[in-house]
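Structure record follows, encoded as structure tokens.
Just so it is clear, none of the values below were taken in a lab; they were calculated from the coordinates. Please read all numbers here as calculations on a predicted model, not as lab measurements. Glycine gets a Cβ as well: all are built from the backbone with ideal geometry, and neighbour counts include every protein chain shown.
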Amino acid sequence: MSLKRRQFVKTLGSAAGATLAWPWLQTASGASHLQKLDAFREVKAEDLAQDEDFWHLVRQAYTSSPNYINLNSGGVSPHTRQVAEAVQAYTRNANEAPALVMWRSMRRERKSVRRRLALMAGCSPEEIAIQRNTTEALNAIMLGIDFQPGDEIVTSDQVYPSMDSALKQLEKRKGIIVKRVPLPVPAPDMDALAQAFENAISSSTRLVLVCHMINLTGQIMPVKRIADYAHANGAEVLVDGAHTFGHFPFHIPDLGCDYFGTSLHKWLCAPYGTGMLYVKKEKIKNVWPIFGAPDGEEELITKFEHLGTRSFPTELAISHALDFHNMIGGERKAARLRYLRDYWTSRVADLPAIRFMAKCEDAHTGSIANFSIEGKEARKIGDQLLREFNIYTTTTNHKDVKGVRISPNVFTSLEELDELVRVIKLLVV
């Protein structure tokens, strides 16, 4: 194996070693696959976005069924065979002596996962806690702040349902006031989205909960502008980043927020039930953990990770999802996802009955696009896509967003999107 190849394989390893967690790489087909991928490492993002040879190789890393077209990466994405093998390998290792292996060696190795997540997030490892999903991460903050009766939380009327449930509970328990800001669909520009929040923020606003990307439409929000305005008025900012971490590159501190939660099993393609919480270091001491933490951890991020026995094998395998993501490259992945969005939306945009819920432009959306067909019920369209054409999507039934959400990923082929376009044209007729 050449020095270049050895260095490339090393980037796909972890603290546990590539041999343990990546048995597929030890096979002839695995080695050949890596060699082919290696040939594309110097290609620029915009050029690589349209190179079907490279993305065919990426697709081979997944074990998705060829019998249906999966266009719901916004729900939960499959992980690569390497990540699946890592989970299995770590689990076999833990099963030899679970209490010893998990609570000693694996607990120690989790620190490297936090360091690597922090590196991608552009922050300190002392600001990152491993969680199970976005819902857990955001609830840790919303239920951990000492709200007083009359305090306000400002969010949008398109907030994720689980978050809205948490807000309703806070209204009942704490007597807070929740302002749910209506957002235009589709939004004409970023100013309209920012102004909607700014008009609702007052001197009584304690927290602003804003989506980085709205799950219903794929609309990217002007988080930094909203955060700056909130801070100027004495409020803190909690960002729902469920759909952005691993979707396109950014550093969390650049958003200007105090707290950020995300799911790693969506766009990073990490194991199911893995997520991440960011808390700005000086804010940690102000938030109570949902589950009681030992004395001495009041100002430590680890106080948000005390929930009893958990799947350390699953959490350690996050590093292998990071390896695969880094092998592709964040900019190159984002360019491909935008290309996939444009590929299918441009082919149906001129159909008279089609309406998109957000502008299909780079500044507004990533991979996700939501469409409706005039005169047809979104749920019935989604059911028909799956039942008759084996195309799996998700539908939205919000008062302002009734449509079919399409969210392709790096394993999606152009042939699959061609089929989607063909079917949409049949449905419009």
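State, to one decimal in nm², a quarter of the convex hull surface area for the C-alpha atoms of the range 101-321, i.e. the direction-averaged projected area. Before the final figure, lay out the partial values.
Numbers: hull surface 46.2 nm².
Over every viewing direction, the Cα hull of the range 101-321 projects on average to 11.5 nm².
What's the ranking of 369-377, 386-394 by average number of surrounding C-beta atoms within 10 Å, highest first? Mind showing how you got there, number by number?
Values: 369-377: 18.0, 386-394: 15.7.
Ranking, from highest mean packing down: 369-377, 386-394.
Quick check: residue separation of E361 and D38 times 0.36 nm, minus the Cα distance between them. What number comes out in nm? List each step's numbers first, then the result.
Working: separation 323, 0.36 × 323 = 116.28 nm, distance 3.08 nm.
Taking 0.36 nm per residue and subtracting the Cα distance, the gain is 113.2 nm.
I need the fraction of alpha carbon pairs in the range 332-428 separated by more than 24 Å, rounded to a whole percent.
Values: 629 of 4656 pairs.
For the range 332-428, the fraction of Cα-Cα distances above 24 Å is 14 percent.
Would you mind calculating the relative contact order of the chain from Cα pairs under 8 angstrom and at least 6 residues apart, reporting the percent as a whole number? Write down the numbers at each step before the final one.
On the way: 792 pairs, mean separation 91.3, N = 429.
21 percent.
If I model the range 78-193 as equal point scatterers sitting on the Cα atoms and use the Debye formula, what is log10 I(q)/I(0) at q = 0.12, 0.15, 0.17, 0.20 Å⁻¹?
The Debye formula, applied to the Cα set alone, gives -0.73, -0.93, -1.02, -1.12.
So for the pair S65, L300, with labels modelled 7 Å out along Cα→Cβ, what separation do we get in nm?
For S65 paired with L300, the spin-label model returns 4.5 nm.
Using only the Cα atoms of the range 27-127, construct the convex hull and provide its projected area averaged over every direction, in square nanometres to one decimal. Intermediate results must be reported in sequence, preceding the final value.
Details: hull surface 39.8 nm².
Result: 9.9 nm².
Going 7 Å from the Cα of D51 along its beta-carbon direction, which residues of the range 308-339 have the amide nitrogen within less than 19 Å of the resulting point?
324-339, by backbone N distance to the label point.
Go through 238-247, 152-161, 49-58 and give me the packing order, highest mean Cβ count within 10 Å leading. Walk me through the numbers before you get to the answer.
Details: 238-247: 27.2, 152-161: 20.8, 49-58: 16.0.
Put in order of decreasing packing, that is 238-247, 152-161, 49-58.
With both partners inside the chain, how many of the DSSP beta bridges are antiparallel, as a percent to the nearest 5? Present the calculation step by step, with values, prior to reporting the outcome.
Working: 20 of 39 bridges.
For the chain, the DSSP antiparallel bridge percentage is about 50.
For V76 and Q195, FRET efficiency with R0 = 45 Å and r from the beta-carbon atoms, rounded to 0.05? Walk me through the numbers on the way to the answer.
Working: r = 34 Å, r/R0 = 0.75.
Once rounded, the FRET efficiency stands at 0.85.
Between A353 and E96, how high is the FRET efficiency from 1/(1 + (r/R0)^6) when r is the Cβ-Cβ distance and R₀ = 60 Å? Nearest 0.05.
Numbers: r = 60 Å, r/R0 = 1.00.
My answer for the efficiency is 0.50.
Given a Förster radius of 22 Å and the C-beta distance between H251 and S105 as r, what FRET efficiency does 1/(1 + (r/R0)^6) yield to the nearest 0.05? Can you show the working numbers first?
Details: r = 31 Å, r/R0 = 1.41.
Using R0 = 22 Å, I get an efficiency of 0.10.
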